[in-house]
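Encoded as structure tokens, the structure appears first; notes follow it.
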Amino acid sequence: MQYIAGYEVKETVSSSGSGTIVRAVHPIMGRTVLIKTQPPEAAKSAEVHKRFQREIALAAQLTHPNLMTALHAGMEQNGLYLILENVEGIDLQSMVKAQGPMPVATAVELLCQAARGLGFMHEHGVIHRNVKPSNLIVDKSGTVRITNLTAALISDEADVKKPTDELTRQGQFIGTGDYLAPEQAFDAHSADARSDIYSLGCTLHYLLTGKVPYGSGGGQRSAMEHMKSPIPSLQAARKDVPPALDAVFNRMLAKVAAERQANMAQVIDELNAAVKGSSSPTPAAAAAPTASAGFPLIAILASLIVGIGLGFAVGKFF
């Protein structure tokens, strides 16, 4: 048996460059948690170690309904660990792959929730820089949770205590190419709130079409398409997309950051205004997706978690 911080490890949920996630149970309390341990590269790279330290600091100090709740952190022989609440649900990428593109109402509801969490981060001087469907979880209650703060950028005004991160200060590529704002491609440190707005717009495109806005694959080719290719039309892909929503999407994906919405609050207002009067959600309804939106989220989540398996459902959270 393997133990981390007194918790018995039951299974490995996922493993990637940002760390390994396991599900574990406390033998006395009976509480189930997720534990993220730093990647093996951290032992050889001071910067990888610093990045994990920063993620712990962010997770501990940013508390919001649309973020994952950090419970504890520490260090053992194998390195740092971060204990998080055990959220059962499915990421938006997996949901679309399993069910296909979402109804407009549902996509807008989920995007507004993500925008609230991101807006909270921005207010505290933190830019996510890696917003994409696989980093947005919908739990069993229908609440969107933002995950994976490994690539987050902390502005000079942030209150969060953090170590110096040279990786984000040297203009290196940070994020996922298919959802990356043009200004991030060659200078990761130039990202601001409007960069997350761009990535959230790309996420809207995926939720509604099942495809990324430009050629998939990431890398320099994808970055060039984000910089130079025309913004795709949501209406051309789906006739049920209101013209006003397509206009909001176009503004979110503006090539120049100054032409996008200024903040997430503005994004939420414009999204809700774009679908007002249709079967899509109102601002009040956006906080809790329900079957009335034409997409029984909770029922679908339950069936997906049972049918696909919880390990797959949470396997891409981090």
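Bear in mind that the values in this text are calculations on the coordinates, not laboratory data. It should be emphasised that the depicted structure is a prediction, and the values quoted were computed from it without experimental measurement. Quick reminder, even Gly has a Cβ in these numbers, built from the backbone with ideal geometry, and neighbours come from all protein chains shown.
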For V104, V241, order by how many other beta-carbon atoms lie within 10 Å, fewest first: V241, V104
Span from the the range 178-246 Cα centroid across to the the range 1-22 one, whole angstrom: 33 Å
Taking K44, K132, K239 and counting other C-beta atoms within 10 Å, the order from fewest to most: K239, K44, K132
Neighbour-count order for T209, T150, fewest beta carbons within 10 angstrom listed first: T209, T150
